[in-house]
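Following: one structure in structure tokens, then a few remarks.
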Amino acid sequence: MEQFAYKNGHLVCENVAASKIADKVGTPTYVYSRDALVSRLRDLKKAFAPVKPLICYSIKACSNQNIIKLMAREGSGFDVVSGGELYRALQAGAKPGKIVFAGVGKTDKEIRDAIKTGILMFNVESEAELARISAVACRMKKVADIAFRINPDVDPKTHRYMSTGKKETKFGIDLARAEQVVDSLSDHPGVALRGIHMHIGSQITDLKPHAKALRKIVRLVEKCKSMGHDIKYINMGGGFGITYKNEPSRTAKDFARQIVPIVRKTGCRLLMEPGRFIVGNSAILLTKVVYTKKAGDGRSFVICDAAMNDLIRPTLYEAYHHIWPVDSSNSKPEILADIVGPICETGDFFGKERQIPVVDKDDLLAIFSAGAYGMTMSSNYNSRPRPCEVLVSGSTFQVIRRRETYADLIAKEKGRLPTYKSYR
């Protein structure tokens, strides 16, 4: 996270002090670096250039309109998994011909809207979905381009909730049944097969699983071509991991060295769907200390104004995020403490048994590597307004999502109380 650094003991994002941001907009606040976002996208483009990549930023990782606009201006396509994400992409100026629609449960309305929009293709996850897309397209007198999402049964060696390419998951079509499904395409005139897709999981830092899965996919691509299908794309999905704690630090070039030679032999264009790799280490979550306390067993707690509703990854995925004071200019003794929020759940924590300098009320903390699946997975649990989002560019910053208010919490719930029939 080179765009986030300590200068004279004070944390800065690019050329803006984190404390200045907190003074202006309060906490909790997500702080994104424009330079980090753009640099990571450009790194991918350059590393995979030999296979003419279409990089489709995965909106589910971080869906703020301003970040989508920034990706679109850089020439990115988009990976969407719902009608809402499709709407977000289009409102931000995404080109429909650079949008792929994934997800295991697309509805008729979502399919119709995507076809009307003119997206590049659907990633098809099952025979039932294949039939549905074809039927909807036929009713519209259209032919929808598709890619079959294949489950290659490869262990990505990541958290069990992030593994999507093993045979026991809900995702994709079993590789063993793939040829049979391809054979059935003559029964579905509303679709045309243009690609083969896979996505084996998220936060993958081992270089081998993607290559292993792609070799299986390439064999299927060659088979499909021999059957007369015009396969133009191999979509390897996303999943490139980042460094949160002590994971191997992988660059775009590291992944490309494994992947480019495999794809290049097919003559297909590579389509990829990165999210975390672009945005994960491009943001921090700023929070303020509300109280400190000691438990009966002597354990220390640092209680912050951010909570699990703002960043759920630590409790959902047992995920590690580095946490450190924004101001570390003064040498202070370190303590062992749990960094927690104010929500009424034992699972409301950001880090347990962390070595951290002694902090006091109103001190600022930075929770690092918070850009991916932070704000997008936030909620209003405990009726807590969701945080502010800020984008830093050089020496300036702007609010790209205002902090929610109490009024926002009930804005959609107003109206007359309905009269219900009573029974004895």
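Brief remarks follow.
- Residue order, fewest to most surrounding Cβ atoms within 10 angstrom, among 310, 206: 206, 310
- With bins 10 Å wide beginning at 0, the percent of Cα pairs of region 206-333 falling in each bin runs 9, 28, 24, 17, 12, 7, 3, 0.
- Peptide packing: for 63-74, 370-381, the average count of neighbouring Cβ atoms within 10 Å per residue gives the ranking 370-381, 63-74, highest mean first.
- Among 397, 279, 182 the positive-end extreme of the charge dipole of the chain (Cβ point charges): 182
- Proximal aspartates and glutamates relative to residue 352, as straight alpha-carbon distance under 14 Å, when same-chain residues fewer than 8 apart are discounted: 318, 338
- Efficiency of FRET from Cβ geometry, residue 346 and residue 177, R₀ 56 Å, rounded to 0.05: 0.80
- On full extension, the segment bounded by residue 258 and residue 186 gains 22.4 nm, given 0.36 nm per residue less the C-alpha separation.
- The mean sequence separation of alpha-carbon pairs under 8 Å and at least six residues apart, normalised by the residue count of the chain, gives a relative contact order of 19 percent.
- Taking every C-alpha pair closer than 8 Å and separated by at least 6 residues, the mean separation divided by the residue count of region 34-277 gives a relative contact order of 21 percent.
- Taken about its Cα centre, the chain carries a charge dipole of about 1160 debye when Lys and Arg each add +1 at the Cβ and Asp and Glu each add -1 at the Cβ.
- Residue order, fewest to most beta carbons within 10 Å, for 322, 188, 197: 322, 188, 197
- Options 344, 87, 242, ranked by Cα towards positive dipole end of the chain, top entry (Cβ charges): 87
- When both region 99-135 and region 17-80 are represented by their alpha-carbon centers, they are found 26 Å apart.
- Listed by chain and number, the lysines whose C-alpha is less than 25 Å from the C-alpha of residue 223, apart from same-chain residues fewer than 8 away, are 52, 166, 167, 170, 208, 212, 232, 265.
- Note on the chain: the alpha carbon radius of gyration divided by the globular reference 2.2 N^0.38 Å gives 1.07.
- Taking a straight Cα-Cα cut-off under 15 Å and skipping sequence neighbours fewer than 8 places away in the same chain, the aspartates and glutamates within cross-link reach of residue 116 are 108, 145.
- As a rough guide to protection, the peptides 326-339, 106-119 ranked by mean Cβ packing within 10 Å, highest first, stand as 106-119, 326-339.
- When only the Cβ of Lys, Arg, Asp and Glu is charged (+1, +1, -1, -1), the dipole of region 1-110 relative to its Cα centre reaches about 280 debye.
- Computed from the C-beta positions of residue 19 and residue 301, the FRET efficiency with R₀ = 22 Å rounds to 0.40.
- Per-residue 3J(HN,Hα) values for region 306-321, derived from phi via the Karplus relation 6.51 cos²θ - 1.76 cosθ + 1.60 with θ = phi - 60°, read 8, 8, 4, 6, 8, 8, 8, 4, x, 7, 7, 10, 6, 7, 9, 10 Hz in sequence order (x marks Gly and Pro).
- Packing-based ranking of 281-290, 294-303 yields 281-290, 294-303, ordered from highest to lowest mean Cβ neighbour count within 10 Å.
Bear in mind these aren't lab numbers, they're just calculated from the coordinates by the rules spelled out. Since the structure is predicted, the reported quantities are computational estimates derived from the model, not experimental observations. Glycine gets a Cβ as well: all are built from the backbone with ideal geometry, and neighbour counts include every protein chain shown.
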